[in-house]
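Everything below concerns the one structure shown next.
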Ligand SMILES: Cc1cc2nc3c(=O)[nH]c(=O)nc-3n(C[C@H](O)[C@H](O)[C@H](O)COP(=O)(O)O)c2cc1C
């Protein structure tokens, strides 16, 4: 499989050429630095009130991947990709609101007055939400970060496949993840050994309606 030269794809090429890749060259590893570089781009994704509820478990250890394999229904990419990135969503992301607004003040993006008001408002609003609503927000933001991570990976010459095909309870158990964190998805990332399947999309007229909804 031809390897993309890093950063050589236009944005349009990135979105058109990203396909879910399920066969990886297991001899080619990504370094922790390369993975962090990717995550640094991914975390620029938008989130509700910029609370950034995403949390990641980066699994590069081969023994851990082997342990994960049956939990992810024996999907080979789990052991062959360089890393499996588990995307989690913190249902109590508002607990970081001070830190987030302190950094905005430090960067000169907000005054202390605005910071204090936003911290109070966000804390009060988000802490009062039902668990169901908090989870919904974490999952929406978790979807955005996941997409951004996959596009960032493609732009940097890697390939990915998002995975919902795993036993979330067993995954939780394996990493001792508290209920405060929702599991969003697993994303395999690495160097493709074979291109992903070509897929098609429904025609726009099936999915788009202007100025109203008729079902
Ligand atoms: C939330 C989610 C879960 C998915 N779970 C799996 C999975 O467990 N295994 C897999 O091989 N592909 C999985 N996929 C990939 C889809 O099959 C794939 O995105 C879809 O067929 C479109 O193909 P494309 O990504 O190549 O455009 C998942 C995709 C999403 C968005």
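Worth pointing out:
- Residues in the range 155-169 that are more than 8 Å from the ligand (Cβ to nearest atom) and either surrounded by 13 or more Cβ atoms within 10 Å (Cβ to Cβ) or modelled with pLDDT under 95 (or both): 8 in all.
- Residue match in the range 174-181 (condition: closer than 24 Å to residue 57 by Cα and touching a helix residue (DSSP H, G or I) at 6+ places or on another chain (Cβ under 6 Å)): no
- Within the set 193, 173, 136, the sole residue that is within 16 Å of the ligand (Cβ to nearest atom), more than 17 Å from residue 35 (Cα to Cα) and assigned to a helix (DSSP H, G or I) turns out to be 136.
- Test: residue in the range 112-135 that is on the phi > 0 side of the Ramachandran plot, out of contact with any helix residue (DSSP H, G or I) (no Cβ under 7 Å at 6 or more places or on another chain) and modelled with pLDDT of 95 or more: no
- Listed by position, the helices (runs of 4 or more DSSP H) enclosed by the range 38-115 that each have at least 2 residues that are closer than 30 Å to residue 22 by Cα and either within 16 Å of the ligand (Cβ to nearest atom) or in contact (Cβ under 8 Å) with a residue 60 or more places away in the chain (or both) are 62-71, 77-80.
- Among the criteria (1) within 28 Å of residue 170 (Cα to Cα); (2) within 16 Å of the ligand (Cβ to nearest atom); (3) outside any loop (DSSP other than H, G, I, E, B), the one residue 13 does not fulfil is (1).
- Residue check, residue 135 in contact with a strand residue (DSSP E or B) (Cβ under 6 Å, 6 or more places away or on another chain) and either buried (at least 22 other Cβ atoms within 10 Å of the Cβ) or under 24 Å from residue 52 (Cα atoms) (or both): yes
- Looking only at residues in the range 176-190 that are farther than 16 Å from residue 54 by Cβ and in contact with a strand residue (DSSP E or B) (Cβ under 9 Å, 6 or more places away or on another chain), the one that is nearest to the ligand (Cβ to nearest atom) is 188.
- Residue check, residue 81 within 24 Å of residue 129 (Cα to Cα), buried (at least 17 other Cβ atoms within 10 Å of the Cβ) and out of contact with any helix residue (DSSP H, G or I) (no Cβ under 6 Å at 6 or more places or on another chain): no
The values are calculated or read from the model by the stated rules, or taken from the named source; none is laboratory data. No experiment lies behind these values; they were computed from the predicted model shown. Don't worry about glycine lacking a Cβ; one is built from the backbone with ideal geometry, like all the others, and counts go over all protein chains shown.
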